[in-house]
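> Mind having a look at this structure? Questions to follow.
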Amino acid sequence: MIRNVVLLAGLVLVGVALAQEGPPPDLASLPPLVRKSVLAKRTARFSGQRTVQFRHGPEVTKLVEFVWQDGPRTRIEFPEASPYKGQIIVEDDHQRLHYYPDRNEIDVEPPRRMRPPRMVPAGEQKPKFTHVITTGGLVAGKQTQLVTVADQSGNVMQRMWIEPHTGVMLKRVLLDRGGSQRGYFEFTKINFRPKFSPGDFKIERKGATLITPVMQVQRLALQKGLSLIVLPPSSEYQLEGARAMDREGQDVLVQTYRGKSGRFQIFQVKGPINPERLRRFARGRLSTYSWMHGSESLALVGELPETRLRELARVLGDK
């Protein structure tokens with residue numbers, strides 16, 4: 001039992017915390033440079049190369065990406081030496097397509113770049129942040145302004161290097177609650193006068209199979225011998241994707257949902273878990289609710305109030 005709880009808690013703090021950087025304030029309250037950078041996510045035009053690194057517990061992953069952006073449209077590819085070579089990701093306002101050449105499939109998912117802002121549960125106040133802007137030096141050969149973001153106690157949460165004329169963020173470093181670096185990206189090459197071809201932001205591959213998020217869940221549940229449990233399409237929450245994880249020999253099926261009221265995940269494993277231990281591992285930053293479904297345990301973990309998670313659990317079959 002303890003093994004399952006530790007496993008779930010570790011996934012919770014990794015899977016949700018990476019996307020949980022605090023709710024973005026209203027644009028009007030941001031410094032002009034930061035506001036310009038937020039808007040550039042939908043307006044900038046460039047092509048470039050960037051290095052990305054992120055940490056999952058003790059494991060560190062580092063990769064190189066080739067990136068194109070034309071307003072709200074993006075394309076990402078990987079170099080030949082990359083373990084992700086051949087994969088292509090294109091995204092616009094409506095969907096995100098990810099092509100996997102090894103299985104000749106295209107995952108169809110909701111867009112990620114322009115997700116709706118995270119809402120703060122009732123009774124909680126939005127955390128306040130300070131923005132200190134200094135000279136950032138050269139990044140990818142371009143002069144930048146460095147924006148250091150800290151909480152009310154002065155703890156630095158992230159640093160952003162922004163090219164002031166375009167608003168494009170050329171480098172970003174995220175820090176955990178202990179001040180250690182948990183992830184970053186940095187452009188090493190950038191071209192603000194790119195030339196795009198008509199098909200750059202499309203994936204048209206004859207014979208490739210389109211895989212929706214629900215199909216992902218169906219496939220993974222069958223592979224892992226788990227029940228098929230998903231929220232119905234009538235729900236206000238959209239299924240963004242699913243993945244199976246193996247931690248300490250235990251299979252875990254993870255589904256990620258997002259709606260206007262926030263983001264949450266469904267963790268599904270065989271065997272029981274301890275709800276109190278799960279709450280302690282969430283450390284009050286996230287709401288949790290778990291129940292048994294036959295011989296399987298399900299846990300909802302996310303930014304929504306626990307009362308809302310209980311309502312969703314009933315929709316998923318909790319009695």
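The values are calculated or read from the model by the stated rules, or taken from the named source; none is laboratory data. Because the structure is a prediction, the values reported are computed rather than measured. Quick note on the areas: whole protein, heavy atoms, side chains included, nothing else; ligands and nucleic acids left out. Shrake-Rupley method; radii C 1.70, N 1.55, O 1.52, S 1.80 Å.
> Can you spot the lysines whose alpha carbon is less than 26 Å from residue 270's alpha carbon? Ignore those fewer than 8 places along the same chain.
Leaving aside lysines fewer than 8 places away in the same chain, those within reach of residue 270 are 224, 319.
> With the full set of protein chains in place, find how many percent of the accessible area of the chain is carbon and sulfur; take the probe as 1.4 Å.
Exposed carbon and sulfur together represent 51 percent of the surface.
> Also, I was wondering about something else. Cross-link partners among lysines for residue 260, C-alpha distance below 18 Å, same-chain residues fewer than 8 apart left out?
Within the straight-line cut-off, residue 260 pairs with 126.
> I would also like to ask the following. Per residue, what accessible area does the stretch 209-260 have, given a 1.4 Å probe and all protein chains present, in Å²?
51 Å²
> Determine which lysines satisfy two conditions relative to residue 36: a Cα distance under 18 Å, and not lying fewer than 8 residues away in the same chain.
Answer for residue 36, where 18 Å is the Cα cut-off: 142, 171, listed by chain and number.
> While we're on this one: If you build the convex hull over the alpha carbons only and average its shadow over all orientations, what do you get for the chain? Give it in nm² to one decimal.
17.6 nm²
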